[in-house]
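Taken together, the values in this text are just the output of simple stated rules run on the coordinates, not laboratory data. From a predicted model like this one, the values you see are computed outputs, not experimental measurements. We place every Cβ from the backbone using ideal geometry, glycine too, and count neighbours over all the protein chains shown.
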Amino acid sequence: MQCDQPLLTADLLRSLVDRFAETDAAIVHPVHAGRRGTPTLFARRLFPELAAVSGDQGGRALVARHAREVATVEVADADVLADMDTPDEYERLKRRVLGLRFQVSGLAGKLKPETLKPETILTRIRHLIVDMDGVLWRGDEPMPGLQEFFGFLHRRQIGFVLATNNSSRTPDQYVAKLARFGVEVAAECILTSAQASAAYLATIAPPGTRVYAIGEDGVMRALVGQGFVLAEEGASYVVVGWDRHLTWDKLTMAALLIHAGAGFIGTNPDSNYPTPRGPVVGNGAQLAALETTTGVAPVVVGKPEPWLYRQALERMGARPETTAVVGDRINTDIAGGVRAGLATVLVLSGIATEADLAASPVRPDLVCADIGDLVHRWGEPVAGSNFSGAKPTGASAEKVSDD
């Protein structure tokens, strides 16, 4: 057990032991949304192998070696498995614990988020982190009220970053797409998981580091923009983003480098990607293939992990308590916002349905049909507004207009 997991429960430990007793598995570990967590239960027969582990491998080598003897316990709440490594994470988990105490204090029945009036939740919001696909558009069709939405943000002086887990496109490509829909924003207002991953890597590796990348233009340009050298031989890191031209050879090179000790970074964990024909393979499936092959779990940067949210807040000069996330995926947009201590707004115009919401343990603060409904509930838009020239970084306002 790790001492930096403050929200572990006795019930989870009992569940691991019960699962071990039921299956006689060599290894039992918890999972959330398909991702492995700790603590891990090892059978006594593995103790000699565990004692022989050296370096910074932990138990991962054993898990990979005995992959067919592993049983799992599903955990609904990701924070139960959260580890506390930074002051920011400490503050977030502290707010979470205080929130849980408040919910059982007897006042929760009067102040549950779903019973609050929208204006009560939105009154304090000065910044937004907004997902794009399923929120601002569907495929190549803009959502109704798209221009009015940005016009409303401009009039209210609400700073925003448009943040997406899709690593395939560059910010300029998103700027051009919005322009086709009659909305002008600066490239600095766009944050992709590829950019966030390259920025994260820049905090642990110097410019000139050799990186092997799987992905499309968005990944390649983000890495080069941070000064990294794209290479195969001698690469110190492997960065994997969504690649619609993925081949066995690419996966093989990545696996060999990871086996040789290269760091493993994933831009985002989305297991699928929505298309007109239905969901197709997403980056999470690519990461799963490499993790299964190597026994090494990637450091994932995109939603719902904290890195992308932190970078979005830094760009805007925003505080968590005055920032909201707007998204259409419960398990990434909303779950990540909750974990980051942000207000959350789920729109039902994309992936998530009412049935998904009813079945999910993750609860957004506000649910809207789409961005038009959000604007209507936040405050009536001016008819026929057409927004131009969104403020990029630091687009916050000390004074909010009254319209």
Would you mind computing, in nm to one decimal, how far apart the modelled labels at residue 83 and residue 4 are, each placed 7 Å from Cα along Cα→Cβ? 0.6 nm
Separation in nanometres of the label points that stand 7 Å from Cα toward Cβ, at residue 272 and residue 248: 2.6 nm
Can you give the calculated 222 nm mean residue ellipticity of the chain, where each DSSP H run of n ≥ 4 adds -39,500 (n - 2.57) and the sum is split over every residue, rounded to the nearest 500 deg cm²/dmol? -10000 deg cm²/dmol
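Would you mind getting the Kirkwood hydrodynamic radius of region 155-239 from its Cα pairs, rounded to one decimal in Å?
Result for region 155-239 stands at 13.7 Å.
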Calculated on alpha-carbon atoms, Rg and Dmax of region 114-258 in Å: 18.4, 57
Of the DSSP beta bridges with both residues in region 194-300, give the percent that are antiparallel, rounding to the nearest 5. 15 percent
Pick out which of 88, 249, 333 has the largest mean-square fluctuation in a Gaussian network model of the chain, springs linking Cα atoms closer than 10 Å. 249
GNM result for the chain, Cα springs below 10 Å: residue of 244, 339, 44 fluctuating most strongly: 44
Geometric extent, Cα atoms of region 194-300 - Rg, Dmax (angstrom): 13.0, 42
Out of 224, 367, 349 - ranked by how far each Cα lies towards the positive end of the dipole of the chain, with unit charges on the beta-carbon of charged residues - the top one is 367
Region 287-359 shape via C-alpha gyration tensor axes, a/c threshold 1.5: oblate
Taking the Cβ-Cβ separation of residue 13 and residue 53 as r and a Förster radius of 30 Å, what is the calculated FRET efficiency to the nearest 0.05? 0.85
Suppose every K and R has +1 on its Cβ and every D and E has -1 on its Cβ; what is the size of the dipole of region 194-300 about the Cα centre, in Debye to the nearest 20? 120 debye
So if I place +1 on the C-beta of Lys and Arg and -1 on the C-beta of Asp and Glu, and nothing else carries charge, what would the dipole magnitude of the chain be about its Cα centre? I want it in debye, nearest 20. 480 debye
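Can you sort 197, 54, 271 by how many other beta carbons sit within 10 Å, fewest first? All intermediate terms of the calculation are to be shown ahead of the outcome.
Numbers: 197 31, 54 7, 271 16.
The most exposed by this proxy come first: 54, 271, 197.
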Please state the equivalent ellipsoid semi-axes for region 10-81: what are the square roots of 5 times the Cα gyration tensor eigenvalues, largest first, in whole Å? 20, 15, 11
Mean shadow area (nm²) of the C-alpha convex hull around region 160-210 is 4.2 nm²
Within the chain, count lysine pairs with alpha carbon atoms under 27 angstrom apart where the residues are 8 or more positions apart or belong to different chains. 11
Sparse-neighbour loop sites [trypsin sites (Lys or Arg not before Pro); region 112-201; at most 14 other C-beta within 10 Å; DSSP]: 124
If I model a spin label as a point 7 Å beyond the Cα along the Cα-Cβ vector, how far apart are those points for residue 356 and residue 321 in nm? 3.2 nm
